[in-house]
1. What is the number of the single condition among (1) within 16 Å of the ligand (Cβ to nearest atom); (2) at positive phi; (3) surrounded by fewer than 18 Cβ atoms within 10 Å (Cβ to Cβ) that GLU123 does not meet?
2. So, in the stretch 55-81, of the ones that are under 16 Å from the mean Cα position of the chain (by Cα) and among the small types (Gly, Ala, Ser), which residue ends up farthest from GLY145 (Cα to Cα)?
3. Restricting attention to the stretch 137-167, which residues are assigned to a loop (DSSP other than H, G, I, E, B) and open to solvent by 30 Å² or more (accessible area, probe 1.4 Å)?
4. From ASP82, ASP33, grab the single residue that is out of contact with any strand residue (DSSP E or B) (no Cβ under 8 Å at 6 or more places or on another chain) and closer than 26 Å to MET1 by Cα.
5. Just one of VAL34, VAL20, VAL7, VAL29 is at pLDDT 95 or above and more than 12 Å from the ligand (Cβ to nearest atom); which is it?
6. How many residues, within the stretch 132-167, are more than 12 Å from the ligand (Cβ to nearest atom), among the acidic types (Asp, Glu) and within 18 Å of the chain's Cα centre (by Cα)?
7. Return yes when ARG118 is in contact with a strand residue (DSSP E or B) (Cβ under 8 Å, 6 or more places away or on another chain), assigned to a helix (DSSP H, G or I) and open to solvent by less than 90 Å² (accessible area, probe 1.4 Å) and no when it is not.
8. In the stretch 93-115, which residues are in a helix (DSSP H, G or I) and out of contact with any helix residue (DSSP H, G or I) (no Cβ under 6 Å at 6 or more places or on another chain)?
Amino acid sequence: MRVIGTVGMPGSGKSEAAAVAEELGVPVVIMGDVIRQECRDRGLDPAEHHGRIAQALREENGPGAIAERSLPIIRDHLEDSDVVLVDGIRSGVEVEQFREAFDGAFTLVEVYAPYDLRRERIEGRGRPGDVEGETLAEREERERGFGMDEAIEAADVRVENAGSLEEFHERVTELLTEEVGDPPADAEAEVGES
Ligand SMILES: Nc1ncnc2c1ncn2[C@@H]1O[C@H](COP(=O)(O)OP(=O)(O)OP(=O)(O)O)[C@@H](O)[C@H]1O
């Protein structure tokens, strides 16, 4: 069992990593979907109320509210899949929750790329809401406010995404498919003998 969380600044390549997982048949849990569901449960349109409900959930149920709600979804996927990818971690508190819930089976991966490259890629991506209003620097500032810096610092593995998309896909594929089983049963005996 492995749960892999991704973290990184806007435009670093987290959605690309999630796309690689999907291609490999690895289930992806997007924490933003938890917020969108909560909007619908409250009879609100997620497109309009996403930010407000994310904040409301944290105020009502603590800073770990969104991670908390994604835990049962992840556990469900783990019934059928050995690996699950979680996209959308935004704070150190959330990282702690996943570490506690999944123990040594949780790996946090930072995806990073230089600011200018991320800005170019975001401009080229054409996602609604990217271009209007907020600049990338403002968005980064807002995400830092949620505790993104702490989450990034807590990463176990760092993957640079400054080259081609193909290179990045290969690296993510390696991470998602590598075998990290328990140490062999006789590992201790070997240490003892040496
Ligand atoms: N190595 C790469 N080469 C070219 N384009 C890339 C590369 N990596 C990512 N991109 C493109 O850059 C854009 C930003 O990447 P992506 O959407 O994965 O970032 P993100 O980390 O999910 O951003 P956000 O935090 O805003 O959701 C996308 O259009 C993606 O296809």
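1. Against the list (1) within 16 Å of the ligand (Cβ to nearest atom); (2) at positive phi; (3) surrounded by fewer than 18 Cβ atoms within 10 Å (Cβ to Cβ), GLU123 comes up short only on (2).
2. Across the stretch 55-81, the extreme among qualifying residues is SER70.
3. Of all residues in the stretch 137-167, those assigned to a loop (DSSP other than H, G, I, E, B) come to 146-147, 154-156, 161-164.
Selection gives PHE146, ALA154, ASP156, ALA162, GLY163, SER164.
4. Details: ASP82 fails: out of contact with any strand residue (DSSP E or B) (no Cβ under 8 Å at 6 or more places or on another chain).
None of the other options fit; the residue is ASP33.
5. On the way: VAL34 fails: at pLDDT 95 or above; VAL20 fails: more than 12 Å from the ligand (Cβ to nearest atom); VAL7 fails: more than 12 Å from the ligand (Cβ to nearest atom).
Of VAL34, VAL20, VAL7, VAL29, the one residue that is at pLDDT 95 or above and more than 12 Å from the ligand (Cβ to nearest atom) is VAL29.
6. Matching residues across the stretch 132-167 total 4.
7. Working: in contact with a strand residue (DSSP E or B) (Cβ under 8 Å, 6 or more places away or on another chain): no; assigned to a helix (DSSP H, G or I): yes; open to solvent by less than 90 Å² (accessible area, probe 1.4 Å): yes.
For ARG118, the condition - in contact with a strand residue (DSSP E or B) (Cβ under 8 Å, 6 or more places away or on another chain), assigned to a helix (DSSP H, G or I) and open to solvent by less than 90 Å² (accessible area, probe 1.4 Å) - is not met.
8. At the first step, the residues of the stretch 93-115 found to be in a helix (DSSP H, G or I) are 93-105, 115.
Selection gives VAL93, GLU96, PHE98, ARG99, GLU100, PHE102, ASP103, GLY104, ALA105, TYR115.
The values are calculated or read from the model by the stated rules, or taken from the named source; none is laboratory data. All values reported here derive from a predicted model rather than from experimental measurement. For neighbour counting, all protein chains shown are included, and Cβ atoms are generated from backbone atoms with ideal geometry for every residue, glycine included. When the accessible area is computed, the model is the full protein with side chains, heavy atoms only, and any ligands, DNA or RNA have been set aside. Shrake-Rupley method; radii C 1.70, N 1.55, O 1.52, S 1.80 Å.
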